[in-house]
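Every number here is computed from the coordinates shown, using simple stated rules; none is lab data. None of the values given here were measured: they were computed from a predicted structure. Here Cβ is always computed from backbone atoms with ideal geometry, including for glycine, and neighbour counts include all displayed protein chains.
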Amino acid sequence: MMKLFLLVRVVSNPIADLNTVFMNNDTIYNGNESNFEIMPGHSYYWDYIINSEKINSRFNELDIQIETTNGTISGVISLPDTVNEIIYPDTMDIDKSAKIEWIGSEADFYYVYWYYYYPGRGTSDGSYIASNSIEIDSSLFPHDGYVWFEITPVNGPFDDENANFIGDGYGFVYYENKRFKMDKLIVIGNGYGISLNKPISNNNNSLDIINKEKDKLMKNLQDF
């Protein structure tokens, strides 16, 4: 089953209670759920996961109306394209930067997430990028090990200065398509003696191989 993620942040003064949310004329929230969180600054976040056995053209563009106790905000947002391929080096020198790029997608920006493994430890981090590539600074991966990337295309405002939903208050709506995962790990420096650089498929069971290895590597990790 494929899942698409819709994230809504509404800003109003005073803070409004969420009443009803309509998406393409269907009611997807009517006050019986509690999946939103009050945030400082007169705003709340609310997220919705679109579950469908087959995502079709109905989800390509979403006309959303959000009714609160302060009034209504509304707008339209489109689904970003999926990423088809990540281009990356097989190896990275510890003291040199490297470029990761991806093709097949048109989106407002991307969330680039990475997992980094080195002897006795593992870390993860991410960054929002408004282009189809990222230059990886060598200081991020200072030890022999392995790194693995995944890319999530997102449509919506890249900063807080450009609200895409307007009305009684204003809002920021983000629409994510599915993540695309690298098919193998990049070797950092000399690696560290564990053969992880195996191709894996990018389907529903795409991480079976890498997860088995991650379980071994990350048993005692503190920061993942």
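Would you mind putting 113-125, 141-153 in packing order, based on average other-beta-carbon counts within 10 Å, highest first?
Working: 113-125: 17.6, 141-153: 21.2.
Per-residue mean Cβ counts within 10 Å order the peptides as 141-153, 113-125.
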Original post:
What residues have an amide H closer than 5 Å to that of residue 108, excluding those fewer than 5 places away on the same chain, when H is modeled at 1.01 Å from N in the peptide plane?
Top reply: 154, 155, 156
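How much net charge surrounds residue 71 when only the other residues with a Cβ under 13 Å from the Cβ of residue 71 are counted, with Lys and Arg +1 and Asp and Glu -1? Write out the running numbers ahead of the final one.
On the way: positive: none; negative: 17, 67, 168.
Charge balance in the 13 Å sphere: -3.
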Subject >> Summed residue charge, Cβ within 13 Å of residue 180's Cβ, Lys/Arg positive, Asp/Glu negative >> reply: -3
Original post:
According to a simple spin-label model (label point 7 Å from Cα along Cα-to-Cβ), what is the distance in nm between residue 49 and residue 179?
Top reply: 1.2
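To the nearest 0.05, how large is the calculated FRET efficiency for residue 74 and residue 103 if R₀ is 35 Å and r is the Cβ-Cβ distance?
E between residue 74 and residue 103, to the nearest 0.05, is 0.55.
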Subject >> Label-point separation, residue 143 to residue 20 (7 Å along Cα→Cβ), nm >> reply: 5.6
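Expected output is a single nm value to one decimal: the length gained when fully extending between residue 30 and residue 87, i.e. 0.36 nm times separation in residues minus the C-alpha distance. What is it?
Going from the current span to full extension adds 16.2 nm.
Once the piece of chain linking residue 133 and residue 158 is laid out straight, how much longer is it, given 0.36 nm per residue of separation minus the C-alpha distance between them?
On the way: separation 25, 0.36 × 25 = 9.00 nm, distance 1.58 nm.
Contour length minus Cα-Cα distance gives 7.4 nm.
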